[in-house]
Each structure stands twice: as C-alpha cells, then as structure tokens.
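Readers should treat all values here as calculations from the given coordinates under stated rules, not as data from a laboratory. Everything numeric in this text was worked out from a predicted model, so none of it was measured. When we count neighbours, we look across all protein chains shown, and the Cβ atoms used for this are built from the backbone with ideal geometry, even at glycine.
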Amino acid sequence: MPISDVAAEIKAGRVEQIIISGDYSALSVEFKDSRETKLSRIGDGVDVVEVLHNFGVSEEEIATITIDYQQPSGWASWLPLLSGILPAILFMVIFYFFLRQAQGANNQALSFGKSRARMFTGDQPTVTFEDVAGVEEAKEELYEVVEFLKEPEKFISLGARIPKGVLLVGAPGTGKTLMAKAVSGEAGVPFFNISGSEFVEMFVGVGASRVRDLFDQAKRHSPCIVFIDEIDAVGRHRGAGLGGSHDEREQTLNQILVEMDGFDTDTNVIILAASNRPDILDPALLRPGRFDRQVVLDIPDIKGRKGILDVHVRGKPLANDIDLEILARRTPGFVGADIENMVNEAAILAARRDKKVIGMEEFGEAIERVVAGPERKSRIISDEEKEIIAYHEAGHAMVMSKLPLCDPVHKVSIVSRGMALGYTMPLPEEDRYLKHRAKFRDKLAGLLGGRAAEELMFNDVTTGAASDLEQVTKLARKMVCEYGMSEELGPMTFGKKQELVFLGREIAEQRDYSEAVAQEIDREVRRFIDEAHSRAREILTTYRDKLTALAQRLIEKETLEGAELQAMLA
C-alpha cells in the first residue's frame, strides 16, 4: 500500500497503529477492523510523521493512531556492516589463494634439484646375507664393507682405507640389488636407493643438483650406504653422447666424480653401484679412489642354484618327492631371477590344479615354461606337419644320443611352446667353463640332426630348421674367428667389434683382414658345417629304424622323457 493511501485512511479514522522497524525495511499498518497491510518502503532515515504531514495529515489525526518503532533483528542490524566488509573479505580470500598457488609452483621448481633417493633405515633389516645364495665369494668381499661400517676403528688403527665405492657387476638377474640391500641389512645403517636414470631430467643442471643433494643427505646420515642402480645410465664414457661433451648426462657424471673425490676419510659413507655393462663406464669412474673394487656376481653353478632354491622354497608346502639337487641339475644357466620365477610358476601351477603341495611335476613344467614358454595345445597342426615335426625332433634326439660329447637328452616333445613347434631338451651333467673343439663339433651335428632327418625321411626340407641353422652358423663362425679352432687359419682372431658406446650395442665388425682371408674364413665355416651335417646324416642312416620308431612314438604320446626315452635311444 502506498503512503498516500495510508494518509487517506488515517484521515478517515480507520487506522489504529503503524509499526516501523528500526532500519525502515518493514512498515506495516493495523486497521481498526483488524485488517493489516504492508507499506511501501519510504527510504532509510525518512520520518514517517513528516511524510504524513506532506500528504495533509494533521497533528490531531496523527495523535489518534499509535506509531510503534521496533528495534531491528540481530542479523538485520549487521547487514549494513557485512555489505561493506564482504567484498573486502572475498578479495582477501582470492588473493590468498593465488599467493598459495605461486608458492606451490615455486616449491615445485625448487624441488627439481632435490634427490629422489629413497632412504631405508637399518633398524629392522628385511634382507640379510642369509637371503642371498649362490655368490659366496661376492659375500665374502662385501663382508669387509659391513665390518668397516660396524667397526671402523679396527681398520683405521692399522692405517687401512676402506674402498669408497664398490661396483657390483653381473648379468641381469644375478642379484646385484639384493646384495646391496643385504649389505645394508647386515650393517644396520641407513640405505639410500636410487636409479641412475632418476638423476637426469629435461632441465639442464637438475641431475648435478640431485647428486649434490644426495651426497649431502648421505653425509648427514653417516654411517650409511648409497646404492645407485643401473649406474651406466649416467656413467657412460664422456664425449660419446649425441650432444657432445655438454649434455645433461655428462654434467651429472662430472658431479658424481667430484662428490666421490671430495669424500673425507671419516665420513663412513659407502657408495655401491650396479651395472651389467662395466665395459662402457667412464674410466674416471673406475679409477682407485672412486669405485676401487669390482665385485662380480656370476651365473651360479649347480651348488649355487641349489642354495638359491633353498632360499625361494622357504615357507612353501613341498611334496615328499621334491629333490632340490635334481632341480638344480635341470636348471643350467639359470640366474637367481630365473629360479625365483620358476618356483613361483610351480606354485601357481599347483594352485591351478587344486593341490595342497608343490610336486616335481609342477617344477618340471615350470622349468619348461621359463625356458621355452607355455604350452600351446590349442595350436591346430595337421597330421602331415605333425609327422614332420616328430621326425625333426627325433632326429635331434637320436644324433645327440649317439655323440659322446653331446649333453644327454632329457626330454623330447612335439607340443608347441612359445614360438617353437617342438623341442628337444638336452641337459648337461655338470657345469662347464671350458668348451672343447670336439664338443663344439658334436653340438653342430646335434643341431643339424633335425634338418638331416627331414632330408632323409621326406627327401625335402622345411622352415622348421631356421633357428637351428642360425645357431649352427653363428657357432661355426665363432669357432673360426674368435676361438681360433680352424686348422687352416690357425690360432688367430679375425674382426674387431666396433661398438657405439652411447648406445652400448655392437653396430659393425671392423675388418682387419684381407679379402683372401675372408674367403678362407667362409670356406672354414662351411667345412665345419658340412662335416657336422654329414655326421648327422650318417648316424640317422645307421639308426633309421630307431629314428622311425621314436618319431611314431612321439606322434602317439607327443612327449617322451625318463626311462622310456632312454630305452628308445639306447
């Protein structure tokens, strides 16, 4: 209701009371007939009586009504104040948010130069020397490091200086990282673990900064061990990179060299590093005073493999027929990682077959899975191809069994595994470190037994011998060019291997011999192969009946091993 209508109602004597809130935000009118209405807002601080006077309402008429001024509610009284403060508060919140964002970005930029090494305390070691098997000589050498960290006074009193750095060298899977953790666990000191690739970033100078930060942390936590895994990622020969001598990797290497050289004799910080390519490391990294000592973790022998098996079967339910000695003999060339994988595969197979214990059958299957891959029984092979594969594998087995220096044949199968259509598994009776020319000649004949069987039985050849021929050619060429086993060429080596250090791979063979010698090398390689092929054909021709019987039995059973196989080969 407008104020003019209220004035008219007052003059007519129908208004009883006007209620006005303290902030003039609520005006209401009560009439004598109990009606009630709201007034239009007339503005802050405006006197209602003066407004009514302006509309012709006299003092006597105003005196007949009651004008009640009420105090505003609590929140309403704060509203004018909040309307002025809220924008300022909102601005401050936005400003604080952007400030925090800027600080976070600044912290992230600064953290690029921080080391990403993970520190493990030695209070509760998870790995000790008891968990490492098959590398007893390496453990003995590294125990000196443990003794130094535990009792440095014993060495210092005699004027001895412990090596600042120890380089663990070995093929992939031989346990270099595990050995480093075992050293830390035995010594009971903090252990910093970082990979060589974690030093290098796309930003220039970050790698060197991380090296400085890592060594600063190590000095603060002395005595401790710093382990750099795959150090060849930053430790390759300088000047061999694609960016010349100024790339980020080489700056990182230079900082490592400086930090290792700047260690005091009393810091008690040991640097362990691991690499499977020590030949490509920078010479400055391997000089005395930096990585003084190289510890080789070699492929384990039969005794070492048995020790590794002992470690990995702990806590696993084994059948009564398990013989770790036999398993160790059946895994020549396996490193620690292969054996761990084999034991795990056997456990998975036992679980898949709903067994409560792991038996020799599961271990045997696991060995073949690691060597050749899982069985591919779903591969459909025609009867004709199955017969060719059977004669091919029987040819390998028969030739190997008749040559005295070939390893005994343990198993023959025409079940596909991995990429192979069939396989013959010879196993050595003992570990050998020296190979004789006569043994290589027998091995060449055994590898060509499959091809010779195809020629003899089908008067044709297939692609099934492609892998065999590749191995034969490579071995024969090594006999001539690397091992000096050719009577014609004598005890000489031919061809220098040229490697690109930055890539760490062989890219070419540098010829250091004439064209005439090259032709003679080819003739000698062919002679070795031809002799082996003739021996294989001669054996299979002599024992053709046994070859046929073995192949037919393979077609029936698909897999032969144990006493039955030995009886058919005898």
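Using the per-residue mean of other Cβ atoms lying within 10 Å as a proxy for protection, in what order, highest first, do the peptides 151-164, 518-531, 218-231 fall?
So the order, starting with the most tightly packed, is 218-231, 518-531, 151-164.
When we measure straight from the Cα of Lys402, which aspartates and glutamates land under 14 angstrom away, once same-chain ones fewer than 8 places off are left out?
Asp442, Glu538
Going by how many other beta carbons lie within 10 Å of each one, how would you line up Val295, Val93, fewest first?
Val93, Val295
For the range 416-425, take each phi angle, set θ = phi - 60°, evaluate the Karplus expression 6.51 cos²θ - 1.76 cosθ + 1.60, and give the result in whole Hz per residue in order, putting x for glycine and proline.
Here the 3J(HN,Hα) series is 5, 9, x, 8, 8, 7, x, 7, 10, 10 Hz.
Run the numbers on the range 383-569 and let me know its relative contact order in percent, using alpha-carbon pairs under 8 Å that are six or more apart.
Rounded, it is 29 percent for the range 383-569.
How large is the direction-averaged shadow of the alpha-carbon convex hull of the range 304-372, in nm²?
For the Cα atoms of the range 304-372, the hull's average projected area reads 4.1 nm².
What is the Cα radius of gyration of the range 383-569 over 2.2 N^0.38 Å, N being its residue count?
Normalised Rg, Cα atoms only: 1.14.
What nm distance separates the two modelled labels at Val258 and Asp5, each placed 7 Å from Cα along Cα→Cβ?
Modelled inter-label distance: 9.0 nm.
Among the listed pairs Lys219/Lys306; Lys164/Lys306; Lys139/Lys435; Lys150/Lys316, which are separated by more than 30 Å between their Cα atoms?
Beyond 30 Å between Cα atoms: Lys219/Lys306; Lys164/Lys306; Lys150/Lys316.
Ranked highest first by the average count of other Cβ atoms within 10 Å around their residues, in what order do 178-190, 555-567 fall?
178-190, 555-567
Determine, for each peptide in 538-544, 511-517, the mean count of other beta carbons within 10 angstrom over its residues, then list the peptides with the highest first.
Ranked by mean Cβ neighbours within 10 Å, highest first: 538-544, 511-517.
With r defined as the distance between the Cβ atoms of Ala171 and Met492 and R0 fixed at 30 Å, what FRET efficiency is calculated, to the nearest 0.05?
It comes to 0.55.
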